[in-house]
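What follows is a short report on a single structure.
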Amino acid sequence: MQFQTLYRSGWRFFGLSAALLSSVFNLVDPPSLAAQSTKTATPIKHVIVIIGENRTFDHVFATYKPKAGETVDNLLSREIINADGTPGPNYSFSAQYTAVDSTTVGAGKFSISPPDKTLYANLPPVAAGGPSSALQLAPSIAVAKALEPGFLPNNYYKFLTTGATGIPSGRVDTRIPNVNNLNDGVFQLTPGVKYDDYASSPVHRFYQMWQQFDCNVKYSTEGNPSGCLADLFPWVEVSVGAGTNGNPQPAGFNNLSTREGGTSMEFYNMQKGDAPYLKFLANNYTISDNFHQAVMGGTGANHIMFGFADDIWYSDGKGNAAIPPANQIENPDPQPGTNNWYTQDGYSGGTYSDCADATQPESDRGRGLPAILDASYQAELRSGTLLHPEQLQSWIQRRWFVRRALVSIHHSPNIGSPHRRRADGEKCFVQILR
């Protein structure tokens, strides 16, 4: 993960992340020393949570090797890649597909598992992202310290003064070798893009992430009970990206129009010196390779879950549930004549989904969350041929199978995305996306 991505995104917009990360760099302060004598039920004295931004576990820890006697579930341990970043024996496990989700395919509605898929011959080229010119960065370490006062060790401020891409945002990122002829799976981002350089950010929003995981009962096996293949990441990036904001699809739409391309398939290589500080933390503290976030979605949703362990419903400001403005209600159905260009979604568009009515397929108040599930999944669940999420959770606990199976738990109306009525019977719209 880039220092700029990890720190600027986490601190400038969310004070909570700043406080948490600040704690990491100030582990030995007077209150902490005093707490060492506090009697606790376990040897654990402190829990410090680092909330990263915009990268997955395998983006950063793809080649991480744990200490002797410990294990990790990553691209290297699964032999998807070798320690030098080249394709491994199981590279095909990372293969990605294009798909079709339009008003003329299937039910003509949003699908978490589009029916028409084709294996990529080559991934879409990666689009450059972040500041393109040094003029957009802090001009000196003194200015960097003024922008981020007190949060970083002194030798880290230099990273806020470097890393400009030299490429206009949204153009093909020619720093990446062979960028126009990438394989159909994961690829190493460095050294073409240096570890402290800016790079584009992969999409991380609720409906987009469900599509990227491609979950379908037809794919469910004992080894993968979730039925999630995680094989549509670049397709979602290039077909809708971070959202439409209710706008029509731009003329001349192509694989670079969303300014992402195949960026979701990148990884850094710790065996080559990338992410040294995060590697230090992994070696000396606890990391989780099985749990990555509380809810499908991005920054806001997961900070909300971290603070409240639940969604936040839309209010009139006086404690009463209310209906959001029409342009703030999600509708991920594809616009007519497009492939997966959502009707309403985006950081300036749809943000809320109706959580109150578990039977509501669609109305002028938006779509209920149950309506995003494929008819095939719902039918199999009703027929009893697919484990109910609560049963699946028990199965997971018994077999210690966590990584992919946990994804399915979010399908439940009562787990992950609660469908509930307030005590007064009013509808609630839940913010789940940002």
Check your understanding: At what distance in nm do the modelled label points of F93 and T42 sit from each other, each positioned 7 Å from its Cα along Cα→Cβ?
Key -> 2.8 nm
Exercise for review: For a footprinting-style exposure proxy, rank Y157, Y342 by other Cβ within 10 Å, fewest first.
Suggested key: Y157, Y342
Check your understanding: Sorted by mean Cβ packing within 10 Å, highest first, what order do the peptides 248-255, 129-136, 79-86 take?
Key -> 79-86, 129-136, 248-255
Study note, to complete from the structure: P(r) of region 155-298 over all Cα-Cα pairs, 10 Å bins starting at 0, rounded to whole percent, reads 9, 31, 36, 20, 4, 0
Point to revise | Neighbour-count ranking [beta-carbon atoms within 10 angstrom, fewest first] of D116, D311, D354, D289 | key: D116, D289, D311, D354
Point to revise | Ranking of R175, R78 by count of other Cβ atoms within 10 Å, fewest first | key: R78, R175
Exercise for review: Work out the charge dipole of region 153-223 with +1 on the Cβ of Lys and Arg and -1 on the Cβ of Asp and Glu about the Cα centre, then indicate which of N180, F159, V193 is farthest towards its positive end.
Suggested key: F159
Practice item. For Y277, put the label point 7 Å out on the Cα→Cβ axis and report which residues of region 287-315 keep their amide N under 16 Å from it. Key: none
Review point. Using a simple charge model, +1 on the beta-carbon of Lys and Arg, -1 on the beta-carbon of Asp and Glu, nothing else, what dipole does region 171-310 show about its Cα centre, in debye to the nearest 20?
Key: 260 debye
Check your understanding: Taking the simple approach of a point 7 Å from Cα along Cα-to-Cβ for both K218 and N181, what is their distance in nm?
Key -> 3.5 nm
Point to revise | Spread of Cα-to-Cα distances over 5 Å intervals beginning at zero, given as percent, for region 67-139 | key: 3, 12, 11, 11, 13, 13, 12, 14, 8, 3, 1
Study note, to complete from the structure: Heads up, region 223-326 by the C-alpha gyration tensor (a ≥ b ≥ c square roots of eigenvalues; a/c under 1.5 rounded, else a/b over b/c prolate, else oblate) looks oblate
Check your understanding: Order of 262-268, 347-353, 179-185 by packing, highest average Cβ count within 10 Å first?
Key -> 262-268, 347-353, 179-185
Review point. How big is the gap, in Å, between the Cα center of region 191-228 and the Cα center of region 331-349?
Key: 19 Å
Check your understanding: With a ≥ b ≥ c the root eigenvalues of the C-alpha gyration tensor of region 64-218, is it rounded (a/c under 1.5), prolate (a/b larger than b/c) or oblate?
Key -> prolate
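Just so you know, all these numbers are worked out from the coordinates, no wet-lab data involved. Since this is a predicted model, take the numbers as computed values, not measurements. FYI the Cβ positions are ideal-geometry reconstructions off the backbone, even for glycines, and counts take in every protein chain you see.
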